[in-house]
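These notes are about the structure you will find just below.
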Amino acid sequence: MTYFLLLCGLLFLICGGELLVRGATAVAIKFKVSPLLIGLTLVGFGTSMPELVTSVEAAFANAPGIAVGNVIGSNIANALLIMGLAAMIMPVTIQKNSLKRDGIALAIATIMCLIAVRFGHLTNWIGMIFLACLAAYIFIAFQQERNQVSVNDDMQPKVSPAVHTIFPAIIMVIAGFVLTIAGAKFLVQSSIILATALGVSKTVIGLTIVAVGTSLPELVISVVAALRGQSALAFGNVIGSNIYNIFGILGVTALIKPIEVPPQIRDIDIWVLGATTVFLLIAAFTNRRISRAEGSIMLIAYLAYALSLTLRVAA
């Protein structure tokens, strides 16, 4: 029954996030919101909605290992597992302008996350600072992208609306919220039960099953993009998701309910995230391309990290 709830939670999160993005995009277009702004906000938040709802639910369930581990583990999985798979399918080419802006933003976000996690307590103030940084990032990105796009050749959102009238779109948004909230509850509660039954810490469950599970939308988008020869989209998806996860997910979660950071994440996993981000950015800035060889190194590194978590459990 626990595994069934776990699976239902993951499915609800994925379906809910998809409905939410498509419905919100359709509503925004109906109200003549810029497609560029939709791409930078609604789509970005929508694909990170599983992580957001899961971390908030875990915080209220007094499971900080899942709340924080979900974000740290998701970012590690994005950078190593998802980016590695995408590069193995097709070498990832990277646009110069987005690499400079988003690469710097990711570096700043990761450094701030490292400092906050090492502090040991994610307070309301840290949450507000993170959200302010996210707002600044969105504003800068919007200004830069708007200057590069002509009025007659506006960018389209990454996710096209599935409906063309307002009422079905609103229904999709409501259904998306309901599914993501229900999915988060199922996922968090089943993860807590599973951790207790297996004698495994909630932190390990948060860093692995929950983190990879909530990253499935990013995995699907990046792999499909690579298969279609749009590898630059895969890189942008990973970088953007990691920025949103730190500034948005941790920011909102800490603002709603302050979190104590588990010692394991504070002493080990946050450094893994830092090293992972450094490697990803070095690989990206090297000829603005991530090769298959670098992708294979990323996959091996993630397998080694997963093995280290297993050994920690055994110890």
- [ ] Please state which of the following conditions R266 fails to meet, knowing it meets all the rest: (1) within 16 Å of the chain's Cα centre (by Cα); (2) modelled with pLDDT of 90 or more; (3) of a type in the set (D, E, K, R).
- [x] (1)
Task: Subset of region 140-182 [surrounded by fewer than 12 Cβ atoms within 10 Å (Cβ to Cβ) and at pLDDT 80 or above] - done: Q143, F167
Task: Checking N287 against (1) surrounded by fewer than 20 Cβ atoms within 10 Å (Cβ to Cβ); (2) at negative phi, the condition it does not meet - done: (2)
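Looking only at region 206-230, which residues are among the hydrophobic types (A, V, I, L, M, F, W, C) and over 17 Å from Y302 (Cβ atoms)? Don't jump to the end; show me each part of the working.
Taking region 206-230 as the starting set, the residues that turn out to be among the hydrophobic types (A, V, I, L, M, F, W, C) are 207, 209-212, 216, 219-221, 223-227.
V220, I221, V224, A225, L227 - these are the residues of region 206-230 that are among the hydrophobic types (A, V, I, L, M, F, W, C) and over 17 Å from Y302 (Cβ atoms).
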- [ ] Determine the pairs where a residue that is surrounded by fewer than 24 Cβ atoms within 10 Å (Cβ to Cβ), located within region 183-195, has a partner that is of a type in the set (K, R) with Cβ atoms under 9 Å apart, the partner being 6 or more residues away or on another chain.
- [x] I192/K202; A195/K202
- [ ] Among the numbered conditions (1) under 26 Å from N124 (Cβ atoms); (2) out of contact with any Leu (no Cβ under 6 Å at 6 or more places or on another chain); (3) in contact (Cβ under 8 Å) with a residue 24 or more places away in the chain, tell me where P263 comes up short.
- [x] (3)
- [ ] Exactly one condition in (1) over 22 Å from V117 (Cβ atoms); (2) of a type outside the set (S, T, N, Q); (3) modelled with pLDDT under 90 is not met by E218; state its number.
- [x] (1)
Open item on the list: Quick check on my filter: what residues within region 50-93 are under 30 Å from Q143 (Cα atoms) and surrounded by fewer than 24 Cβ atoms within 10 Å (Cβ to Cβ)?
Closed with: P91, T93
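What helices (runs of 4 or more DSSP H) lie completely within region 62-122 and have 1 or more residues being in contact (Cβ under 8 Å) with a residue 60 or more places away in the chain and closer than 24 Å to K202 by Cβ? Write out each step before concluding.
Numbers: elements: 64-76, 83-89, 96-119.
Filter on region 62-122 gives 64-76, 96-119.
The values are calculated or read from the model by the stated rules, or taken from the named source; none is laboratory data. Since we're looking at a predicted model, the values are computed, not measured. Neighbour counts are summed over all protein chains in view; Cβ atoms, including those assigned to glycine, are modelled from backbone coordinates with ideal geometry.
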